[in-house]
Amino acid sequence: MQTLLVLHNLFRWLILVFGFWTVLSAISGMASSRIYSAADGKANLFFMISMDIQLLLGLALYFMNGWYTGLGNMGESMKEPMVRFFTVEHSFMMIVAWILVHVGRVAVKKAFNSGGKFKKTLIFFGIALLLILIAIPWPFREAISRPWFRWF
């Protein structure tokens, strides 16, 4: 269990690096009107792959930690901030972000020109990154805080 928590925490940082790389690449591409390059495609591919791995780790933690049991008594779960966050809020927002990344990757591939590719990248991956930033249990969020880095 501790190994999964450490890996889940470390992948958070990979996702943030790849997410910001993808969004900043889209912004710079739109601002400079440059051609969509292989590096731009790799940025969002690495973002998507890291999200896939993180989803698997998160689902394992969700079921191994028993967070799903809070769904059985939703009224009581909603009264407890930490249980509500991990049972519903964190899980829901991260799955929506994961879907946006996958849909965004397909939309970017289907776009005809570089401007369209950068615009779709910024919309889909930007919203996904925003949801991820909101759904992370940062140390400064009192009721749900988790450490910056979790070690063994």
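Exactly one condition in (1) of a type in the set (Phe, Trp, Tyr); (2) buried (at least 17 other Cβ atoms within 10 Å of the Cβ); (3) at pLDDT 95 or above is false for Phe20; which is it?
(2)
Kindly indicate whether Ser77 is modelled with pLDDT of 75 or more and surrounded by 13 or more Cβ atoms within 10 Å (Cβ to Cβ).
In short, no.
Identify the single condition in (1) under 21 Å from Leu4 (Cα atoms); (2) of a type outside the set (D, E, K, R); (3) surrounded by 18 or more Cβ atoms within 10 Å (Cβ to Cβ); (4) touching a Leu at 6+ places or on another chain (Cβ under 8 Å) that Ala26 does not satisfy, given that it satisfies every other one.
It is condition (1) that Ala26 fails.
Among the residues of segment 14-40 satisfying the criterion of being assigned to a helix (DSSP H, G or I) and without any contact (Cβ under 8 Å) to a residue 24 or more places away in the chain, which is nearest to Pro137 (Cα to Cα)?
Restricting to residues being assigned to a helix (DSSP H, G or I) and without any contact (Cβ under 8 Å) to a residue 24 or more places away in the chain, the top hit is Val17.
The values are calculated or read from the model by the stated rules, or taken from the named source; none is laboratory data. The structure displayed is predicted, hence computed values, not measured ones. All Cβ positions, even for glycine, are placed from backbone atoms using ideal geometry, and neighbour counts span all protein chains on display.
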